[in-house]
Amino acid sequence: VRLQVQNVEKPLYRGTFHCFQSIIKQESAFGLYKGIGSPMMGLTFINALVFGVQGNTLRALGKDTPLNQFLAGSAAGAIQCVICCPMELAKTRMQLQGTGEYKLKMKNYKNSLDCLIKIYQKEGLRGINRGMVSTFIRETPSFGFYFLTYDCMTRYLGCEAEDSYVIPKLLFSGGMSGIVSWLSTYPMDVIKSRLQADGVGGVTQYNGILDCVRKSYHEEGWRVFTRGLTSTLLRAFPVNAATFATVTVFLMYMKSEDNLPECEPGPVIHQPSSL
């Protein structure tokens, strides 16, 4: 977030690793965990919603094809925006608080919940949902590619329950799914972060998505839309590897116990490839 929204004329950070070092030096190791409260509150609900909607949508569509995997994932991505947008707004505001200060002079927000409450008191529901359209544009295709990639990878690698290498295969498939999903819509994530951070210092720069795209490109060139990509991908692989592998193994275990006889994970790994 800090790399995505920093002033190009007076940048505080030269890159991902310089940002990492500067935060530790100026704000201690705790600075790396700013804004962690909102993801901890929201990700459990988001993951439950995403995998539930994706699975049910896929069953409603009937045939398990790559297109239906993409459509089911896109539906899941669109619906979870109602939780994702406020969660990321609080995370962004918390992470920007005290940027570049060796000692935080003024603490506007005590925590993520306090952040959302103060935004609501000042700006109402519109403020809480700042960046909703850009979040929707980012999340809908992103989750489509997320589930499509995982489905294709698990089919290609042959992830069978009795395979002794099934866990490494699932981890690799999940990690690659996270990378593909982020690469597919990353420029919109930069725009979303800038819109949600807009007005933090008391000055509003952008009048909407198109205005943000135009001004960002005019002032900083095309590279602005890849700013912060390295740190995002470094995080994306292990996080999504663990997420997908855990969900798939859990559902495989439950199915083997006959507790969920009709329940199959989004990426169906027990039938021939539909490609």
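Each value in this text was obtained by applying a stated rule to the coordinates, not by laboratory testing. Note that the structure is predicted; figures quoted are calculated from it, not measured. Note that we place each Cβ from the backbone using ideal geometry, even for glycine, and neighbour counts take in every protein chain shown.
Counting other Cβ atoms within 10 Å as a rough exposure proxy, the listed residues Leu170, Leu113, Leu49 run Leu113, Leu49, Leu170 from fewest neighbours to most.
With 0.36 nm allotted per residue and the present C-alpha distance subtracted, the Phe45-His218 stretch has 58.4 nm of extension available. Local charge for Ser74 was computed over the other residues whose Cβ lies under 13 Å away, with Lys and Arg +1 and Asp and Glu -1, and equals 0. Output the Kirkwood hydrodynamic radius of segment 2-256, Cα pairs only, in Å rounded to one decimal. It works out to 19.5 Å.
Taking other C-beta atoms within 10 angstrom as a stand-in for reagent exposure, Arg130, Arg223 fall in the order Arg223, Arg130, fewest first. Taking a straight line from the alpha carbon of Lys110, these lysines sit under 21 Å away, with near neighbours fewer than eight places off in the same chain left out: Lys34, Lys91, Lys118, Lys122. Each residue in Lys118, Lys192 was given a count of other beta-carbon atoms within 10 angstrom of its own, and listing them fewest first yields Lys118, Lys192.
Report the local net charge at Leu43: Lys and Arg +1, Asp and Glu -1, summed over other residues whose C-beta lies under 15 Å from its C-beta. Walk me through the numbers before you get to the answer.
Values: positive: Lys91, Arg235; negative: Glu88, Glu139.
Spelling it out: positives minus negatives among the neighbours equals 0.
Report the net charge of residues surrounding Gln196, where surrounding means a beta-carbon distance below 11 angstrom and charges are Lys +1, Arg +1, Asp -1, Glu -1.
Details: positive: Lys91, Arg93, Arg130, Lys192, Arg194; negative: Glu88, Asp189, Asp198.
Once positives and negatives cancel, what remains is +2.
Distance between the modelled labels on Ile24 and Thr230, one decimal in nanometres: 1.5 nm (7 Å Cα→Cβ projection).
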